[in-house]
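Asks: Before I ask anything, let me first share the structure, which is written out below as structure tokens.
The values are calculated or read from the model by the stated rules, or taken from the named source; none is laboratory data. Just so we're clear, the structure is a prediction, and the values are computed from it rather than from any experiment. Cβ: placed from backbone, ideal geometry, glycine included. Neighbour counts: every protein chain shown. Just so you know, the surface numbers come from the protein's heavy atoms only, side chains and all, with ligands and any DNA or RNA stripped out. Shrake-Rupley method; radii C 1.70, N 1.55, O 1.52, S 1.80 Å.
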2 protein chains.
Amino acid sequence: MWDETRNVRENSFGRMLHRLVRHMDDRMTAGLEDMGLNLSEFPVMMTVLERAPLTQVEIGKIYQRPAYVISRALDGLEQQGLIDRKPHPTSRRAHLISPTKAGMTLAPCLHELVKTCNAETLAPLSVGERDMMLRCLSKIVT
Amino acid sequence: MWDETRNVRENSFGRMLHRLVRHMDDRMTAGLEDMGLNLSEFPVMMTVLERAPLTQVEIGKIYQRPAYVISRALDGLEQQGLIDRKPHPTSRRAHLISPTKAGMTLAPCLHELVKTCNAETLAPLSVGERDMMLRCLSKIVT
DNA sequence: TCGCAACAATTGCAATTGCAATATTAGCAA
DNA sequence: TTGCTAATATTGCAATTGCAATTGTTGCGA
């Protein structure tokens, strides 16, 4: 009776995605531990390293998360001395976020971790399949 | 200086996956609201509908989540009268979980929702690309 | 049989997250 | 200028989640 339901959900796109993301998150969490970062701080730190100097709303736009998420992640990163909140030159309500010297030294490690994690995950696929996968993903991601 | 870092993370596999999953989760959350379910209860309810009767550890094995997650999701589902925790025939510590009559009526709706959500998400792809995508995903999902 | 480790499920408590308010500043229109 | 609305960032509080016990049960070996 439930065979049809089973067919729908079994190996459903959404189910597989969730599994995959959880797996990659675990992998990333382990890799980030050495650097003292957690999974919430990581994307914010990456954005700062990529685009600094920028404001917190700009980080939010890029990373597509509400302001309070950025605010809190930056709290953690600031406390570890990895980023600076400097006054914005033209607006007293905004902050300009930049990595500190210490923060910048993380860049190669993070860089490497991302590459490794993505590569490991995609390892079972052929080069052509990997390209296809990435192309299709960017087609369906907003 | 950070161009390389940007290249690595920009449209990185992991980043795109996270975006995609968040988007699908939002879509699912909206769809589930009509049925009074939330995103934690949904996969458990699906598993129960697909495989009942089964124990909570079995649900955990299938859905790959720790026991307490199942326990709490079932609390919610039971409170809404969608599932039953019956005594296990051979073990007094295990429960046998089954959908109630009310729970079973949800099956077609959930079924439809999953199909719609997956289809909408994959809509920008050609049929061939969709197949490829699903085949590749199942290759890399544990 | 007794004792003990493993198993199934639940729960207390701390950490994390999300929402809605708050404080402060900017810009603009009357 | 004054007053009002929007923008920027933060925070209080409630809801959710995760970890580490806890409860009750089973099976096994001494």
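Asks: From the residues in region A:72-105 that are in a loop (DSSP other than H, G, I, E, B) and touching a Gly at 6+ places or on another chain (Cβ under 7 Å), which one is most open to solvent (accessible area, probe 1.4 Å)?
Replies: Applying the first criterion (in a loop (DSSP other than H, G, I, E, B)) to region A:72-105 yields A:80-82, A:88-94, A:100.
Remaining after also requiring touching a Gly at 6+ places or on another chain (Cβ under 7 Å): A:80, A:82, A:100.
Working: A:Gln80: 80, A:Leu82: 15, A:Thr100: 23 Å².
Top of the filtered list is A:Gln80.
Asks: Is it true that some residue in region A:63-71 is within 16 Å of DNA strand C (Cβ to nearest atom) and open to solvent by 80 Å² or more (accessible area, probe 1.4 Å)?
Replies: Yes; the residues of region A:63-71 include at least one that is within 16 Å of DNA strand C (Cβ to nearest atom) and open to solvent by 80 Å² or more (accessible area, probe 1.4 Å).
Asks: Among the numbered conditions (1) near DNA strand D (Cβ under 10 Å from one of its atoms); (2) more than 12 Å from every other protein chain (Cβ to nearest Cβ), tell me where A:Gly76 comes up short.
Replies: Here A:Gly76 clears every test but (1).
Asks: Scan region A:12-29 and give yes if some residue there is closer than 18 Å to A:Glu78 by Cβ and at pLDDT 95 or above, otherwise no.
Replies: No.
Asks: Within the set of pairs 6 or more residues apart or between chains, which connect a residue that is near DNA strand D (Cβ under 7 Å from one of its atoms) inside region A:90-108 to a residue that is aliphatic (A, V, I, L, M) with Cβ atoms less than 8 Å apart?
Replies: A:Ala94/A:Val57
Asks: Scan A:Glu58, A:Glu33, A:Glu41 and give me the residue that is open to solvent by less than 30 Å² (accessible area, probe 1.4 Å), within 24 Å of B:Arg19 (Cα to Cα) and within 14 Å of DNA strand D (Cβ to nearest atom).
Replies: Step by step, each of A:Glu58, A:Glu33, A:Glu41 is checked, and only A:Glu41 is open to solvent by less than 30 Å² (accessible area, probe 1.4 Å), within 24 Å of B:Arg19 (Cα to Cα) and within 14 Å of DNA strand D (Cβ to nearest atom).
Asks: Just to check your reading of the model, which residue among B:Leu122, B:Leu49 is more than 16 Å from DNA strand C (Cβ to nearest atom), within 29 Å of B:Gly14 (Cα to Cα) and either open to solvent by less than 20 Å² (accessible area, probe 1.4 Å) or at the interface with chain A (Cβ under 10 Å from one of its Cβ atoms) (or both)?
Replies: Numbers: B:Leu49 fails: within 29 Å of B:Gly14 (Cα to Cα).
Answer to the check: B:Leu122.
Asks: If the requirement is being within 12 Å of another protein chain (Cβ to nearest Cβ), within 13 Å of DNA strand D (Cβ to nearest atom) and without any contact (Cβ under 8 Å) to a residue 60 or more places away in the chain, which of these qualifies: B:Arg130, B:Arg135, B:Arg65?
Replies: Matching residue, one of B:Arg130, B:Arg135, B:Arg65: B:Arg65.
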